[in-house]
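Input: a single structure, listed below in structure tokens.
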Amino acid sequence: MTAEWYLMRGSGIVSLLLLTLVVALGIATANRFRPRGLPLFVTTTVHRNAALLAVVFLGIHVTTAALDADAGVPLASVLVPFSADWAPFWVGLGTLALDLVAALVVTSLVRKRLPYRLWRSIHWAAYGAWPLAFLHGLGAGSDVPTEWAQAVNMLCATTVALALAWRLLALEAPAPRASAHDARF
């Protein structure tokens with residue numbers, strides 16, 4: 001086992017953890033969540049910075065996968081889904097997730113030049129990128145049978161499921177009515 005192999009595995013796990021945090025914070029931001037006593041921009045700033053860090057680790061993961069001859073992931077497989085020599089379906093899911101993340105990064109970089117509705121509709125791709133990345137890790141990850149990897153996967157799945165449930169419940173809840181005391185004249 002080479003250093004590239006360990007770096008590929010480690011950066012894949014860190015990417016999943018960071019992408020999970022990004023999705024959960026994205027949902028929290030959509031629900032206007034903020035830690036008590038702090039302005040909303042704290043949540044959005046942590047979301048943005050975690051996303052940037054996730055992209056860095058994803059870049060390391062993809063680069064080391066392409067460089068490690070034993071991984072069976074030639075550069076073409078990084079760009080063309082389902083064309084890898086080894087586990088083409090599972091690697092293909094990772095390629096699709098990478099494509100969605102790339103679309104998120106590019107459109108976020110030019111966000112001010114895009115109509116908000118277009119940017120937001122593309123940003124919804126994050127809801128597709130996370131499960132693709134998660135399934136990629138389940139199928140292609142060599143550590144999946146280990147207890148620690150199962151714990152990481154359970155933590156990530158539970159975090160996203162709870163965040164989604166919270167978002168859906170918030171959408172269904174009626175908006176609180178302002179009392180006469182809250183009215184401003």
Sort Phe134, Phe33, Phe57 from largest to smallest accessible area, using a 1.4 Å probe on the heavy atoms of the protein chains. Phe33, Phe57, Phe134
Pair Ala103, Leu169: separation of 7 Å Cα→Cβ label points (nm): 3.1
Could you rank Arg113, Arg36, Arg167, Arg48 by how accessible they are, 1.4 Å probe, largest area first? Arg36, Arg113, Arg48, Arg167
Would you mind computing, in nm to one decimal, how far apart the modelled labels at Ala3 and Lys112 are, each placed 7 Å from Cα along Cα→Cβ? 4.0
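Going from most exposed to least, what order do Arg117, Arg111 have by accessible area with a 1.4 Å probe?
Arg117, Arg111
Looking at the square roots a ≥ b ≥ c of the eigenvalues of the Cα gyration tensor of the chain, which shape do they give, rounded for a/c under 1.5, prolate if a/b is larger than b/c, or oblate?
prolate
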Highest-fluctuation residue, Leu18, Leu93, Leu118 considered, GNM on the chain with Cα pairs under 10 Å: Leu118
Once Arg36 and Asp85 are pulled to full extension, the length gained, defined as 0.36 nm per residue separation minus their Cα-Cα distance, is 12.6 nm
Hey, any idea what % of segment 26-91's accessible area is carbon plus sulfur with a 1.4 Å probe? 70
When the chain is treated as a GNM, springs tying every alpha-carbon pair under 10 Å, which of Ala170, Ala65, Ala97 comes out with the largest mean-square fluctuation? Ala170
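The values are calculated or read from the model by the stated rules, or taken from the named source; none is laboratory data. Everything quoted here is computed from the prediction, not taken from an experiment. Here the Cβ is made from the backbone with ideal geometry for all residues, glycine too, and neighbour counts use every protein chain on show. To get the accessible areas, we keep the full protein, side chains included, count just its heavy atoms, and leave off ligands, DNA and RNA. Shrake-Rupley method; radii C 1.70, N 1.55, O 1.52, S 1.80 Å.
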